[in-house]
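Just below is one structure, and these are the notes that go with it.
The values are calculated or read from the model by the stated rules, or taken from the named source; none is laboratory data. Computed from a predicted model, the values in this text were never measured in an experiment. We place every Cβ from the backbone using ideal geometry, glycine too, and count neighbours over all the protein chains shown. When the accessible area is computed, the model is the full protein with side chains, heavy atoms only, and any ligands, DNA or RNA have been set aside. Shrake-Rupley method; radii C 1.70, N 1.55, O 1.52, S 1.80 Å.
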Amino acid sequence: MDPQIERLLGNPVSFLADSGPDEDIAISSRIRLARNLAGRPFPSAASDEALCEVCGLVSDAASASGALGCPECFAFEPETLTPLEREILFERRLASRDFLARNGGTRLLVSNDESCSIMINEEDQLRIQALRPGFQLEAVWEEIDKLDDELGSRLDYAFDERLGFLTSCPTNVGTGMRASVMLHLPGLVLSGRIGPTIQGVNKLNLAVRGIFGEGTDNRGNLFQVSNQSTLGESEMQILERLSNVIGQLIAYEKNAREQLIAQDQFSILDHVGRSYGLLRHAYKLSSEEALNSLSGVRIGVDLGMFNSIDIKKVNELFIAINPAHLQLSAGRELSAAERNVCRAALCREKLKQA
Amino acid sequence: MLCDVCKKNEATIHIKEVHNGKVVASNLCGECAREKEAKGEFGTLGFNLAEVLFNLGKLSASMGQADSQQEETRGEELPACPVCGWTVGKVRESGGRLGCPECYRTFEPMISEALGRFQRGTIHLGKRPKSAGQGCASTLRFELERRRRELEELIRREEYEEAAVCRDRINQLKKELEKCDHPAPPAAEPEKETGDGSAD
């Protein structure tokens, strides 16, 4: 195994393992900034040499400024990793699939605690990311703003007075900022109110989607809410607008849970109990089953139903049950059927002493 | 109207295509359009995100008839980018991505029209890179410029209360800038609170 990947796997996933504000409903807050260098082609138009040069320039700027704790940070060359190792980076939300699928000329810098990263030569030359547990967009902004300044004082960013930061796709131009919060919304899903809520949020020009892959997928009742527009508002205005909506969603979710309990507490208790039972006693668990059950147990944790399961344990399982994490901890490639067995074993083990 | 694919998000992209004389309509949200694009599913339908974003090619909601000859060439009167050599055709091929920063100038008419449709504004009001102008006066000038644009935007959006706040700030900035350019002698009478929040 790649030694850096091995070191990474030894890390607790900080955005899941640490506590954050409103962590019962908001799992994590993330901001990413898209940046490019003046006078250089965007990655999709760049030659291999040009890509390589950008990798060097950005890495040097990070090392010289000490951004991300570089040069002692993680520095991955995705093309030297196995497909499984690359998938680990995706499952830990450090890199996008598009980025990992590129044929060389890319580099991924990651701070030692995995809270910040820079994808070099994704769609844009720099995709800077900061990720923290809970709902704390402002703190994430402070962190990434500083990181961006450190890099920006050493790199000549492509910037236009009227259009702002110039990005490969005009859907990102301006602030180049995409901010998102991952929310666990089982109350709204169980009470059937998630549909109208999502529609309402969409009308405010914000995007909502399930976090595992495709748009319609809401496995685990996890949703990601993010800004769509990047131009015409300052970063603070975008974050304020997003934060207001997130605050309301959290309140709606709490409300929905309270109502569900008031109306029919046994249904909720049953849902939590069955979820726990499945995780604790099943010998084969598909990814979907595991995610949905973890969501159920997470509600139970929020309701104080378990003595010895805390939110961190549940959060960590949300990552650990993913295919690449299962296979690397097993030390070999596993078929889908084998993964289901391993996944069930992992859940049984982790939730043993509840 | 909801997106045809996810049935959750509001559809913001409306496409009508003429297939063998039949009009086929689809309504998608931005996310699903991007996903379809990434999977290459638009290929078979003969369109991609670039065409949706920039209104290129055969796509046109208002087109009932296949006036394809004229539509096919939309945007193609624009020259190739002098820096990276990309053409409108290449932008379309790459799903709406541009080749280099200079492309924003080269394809300006096409881009500014598109920005008006999918961004909340057309002017950058956010941060500037560290390298761009520092110091008292330049910081103030930058904020003044930004606030002026902000005021334009707020009026355009008919957010008048915020516009009034913005206008007051502009007046305050003008005064501060004047002081910056012509510093008062040290014994000057104490001014009323100017606030030191001028720096961004």
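In summary, A:Arg339 fulfils each of the numbered conditions (1) part of a helix (DSSP H, G or I); (2) buried (at least 19 other Cβ atoms within 10 Å of the Cβ); (3) touching a Cys at 6+ places or on another chain (Cβ under 9 Å) with the single exception of condition (3).
Across the stretch B:91-104, the number of residues qualifying as assigned to a helix (DSSP H, G or I) and under 22 Å from A:Phe165 (Cβ atoms) comes to 3. Within the stretch A:1-52, being open to solvent by 60 Å² or more (accessible area, probe 1.4 Å), outside any loop (DSSP other than H, G, I, E, B) and touching a residue at least 40 places away in the same chain (Cβ under 8 Å) holds for A:Arg7, A:Asp48, A:Cys52.
Considering the stretch B:91-120, the residues that are at pLDDT 90 or above and acidic (Asp, Glu) include one that is least open to solvent (accessible area, probe 1.4 Å), namely B:Glu102.
Taken over the stretch A:7-42, the residue count meeting the criterion of being more than 9 Å from chain B (Cβ to nearest Cβ) and within 20 Å of A:Asp98 (Cα to Cα) is 5. So which residues in the stretch A:87-101 are touching a residue at least 40 places away in the same chain (Cβ under 8 Å) and open to solvent by 40 Å² or more (accessible area, probe 1.4 Å)? Scanning the stretch A:87-101 gives A:Glu87, A:Phe90.
The residues of the stretch A:169-207 that are open to solvent by 10 Å² or more (accessible area, probe 1.4 Å) and within 7 Å of chain B (Cβ to nearest Cβ), listed by number, are A:Thr171, A:Gly195, A:Gln199, A:Asn202, A:Lys203, A:Asn205.
Screening A:Asp145 with (1) at pLDDT 95 or above; (2) open to solvent by less than 10 Å² (accessible area, probe 1.4 Å); (3) within 29 Å of A:Ile27 (Cβ to Cβ) gives one miss only, at (2).
Just one of the listed residues (A:Leu326, A:Leu303, A:Leu334) is open to solvent by less than 50 Å² (accessible area, probe 1.4 Å) and in contact (Cβ under 8 Å) with a residue 12 or more places away in the chain, namely A:Leu326. Would the stretch A:159-169 turn up any residue that is part of a helix (DSSP H, G or I), out of contact with any strand residue (DSSP E or B) (no Cβ under 9 Å at 6 or more places or on another chain), assigned by TED's automatic domain parsing to the domain that holds A:Ser14 and modelled with pLDDT under 95? So far as the stretch A:159-169 goes, no, none of its residues is part of a helix (DSSP H, G or I), out of contact with any strand residue (DSSP E or B) (no Cβ under 9 Å at 6 or more places or on another chain), assigned by TED's automatic domain parsing to the domain that holds A:Ser14 and modelled with pLDDT under 95.
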